[in-house]
Each structure stands twice: as structure tokens, then as C-alpha cells.
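Before any comments, here is the structure.
The values are calculated or read from the model by the stated rules, or taken from the named source; none is laboratory data. Fair warning: this is a prediction, and the values are worked out from it, not measured in the lab. No Cβ is skipped: glycine too gets one built from the backbone with ideal geometry, and neighbour counts run over all protein chains shown. Remember, those area values only see protein heavy atoms, side chains included, never the ligands or the DNA or RNA. Shrake-Rupley method; radii C 1.70, N 1.55, O 1.52, S 1.80 Å.
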Amino acid sequence: TVEVKPGKRADLLKRVHQLVPKVRAERGCIEYGPAVDASTPIKAQMPLGENYLVIMEKWEGIKELEAHLTAPHMLEYRQDVKDMVAGVKLQILQPA
């Protein structure tokens, strides 16, 4: 989950969409793409708000995820967007 500085989400999404093909080409990438809150009538929904986006990722394993985190295009991406991002929270899940 990425907390985006106010007014910067569209700019960040543009940059993320440029990154997606490079990440999807990485060894072990099953799924990778941005998502934002959907407007629904479901009362239990807990919206994150307009200054957040979620990158949905699925990897074959932890080694592939670790390699992704240090891939040259990821290092470049983080440098490019650092002025747009207020914070990042990573949650790694496994099947139960």
C-alpha cells in the first residue's frame, strides 16, 4: 500500500503503469498491477481514500520477490517517485 502525497496519485499511477511490463517480465512474477478503491454500496468496505494505491503482486516465491525488490528498474522507479510518495507499507501473505 502506497500513501501518495496529496494531488500526486495520477502522476504516480502513470509511472507505475510504465513499470508494469518490466516487472511482469521478471522471473517468477505471476501478477503485478496497481489498484485503487472501488466505489461500492458495501457497508463493510474500509476505503483507503484518494491518497492511496495498492500494488497487487503475486510471486512464485520469496527469492523471486527479493530479486524484484533490488532489480535495476525498481531502484530507478523508487528514485523517480520519491517526491510523490509519503509512505509505503508492505504486507506479505502466504496461502493458508
*Roughly speaking, to the nearest percent, how much of segment 41-83's 1.4 Å accessible area is carbon and sulfur?*
59 percent
*Subtract the Cα-Cα distance of Q18 and M46 from 0.36 nm times their separation in residues, and report this length gain in nm to one decimal.*
7.2 nm
*Give me the orientation-averaged projected area of the Cα convex hull of segment 54-96, in nm², one decimal.*
3.7 nm²
_Given 25 °C and 0.890 mPa s, compute D for segment 14-55 with the Stokes-Einstein relation, Rh being the Kirkwood radius over Cα pairs; round to the nearest whole µm²/s._
200 µm²/s
*Could I have the simple spin-label model distance between A10 and A35, label points 7 Å from Cα toward Cβ, reported in nm to one decimal?*
2.4 nm
*Lys pairs under 26 Å by Cα in segment 1-46, provided they are eight or more residues apart or on distinct chains*: 4
*Ignoring ligands, DNA and RNA, what accessible area per residue does segment 15-96 give at 1.4 Å, in Å²?*
76 Å²
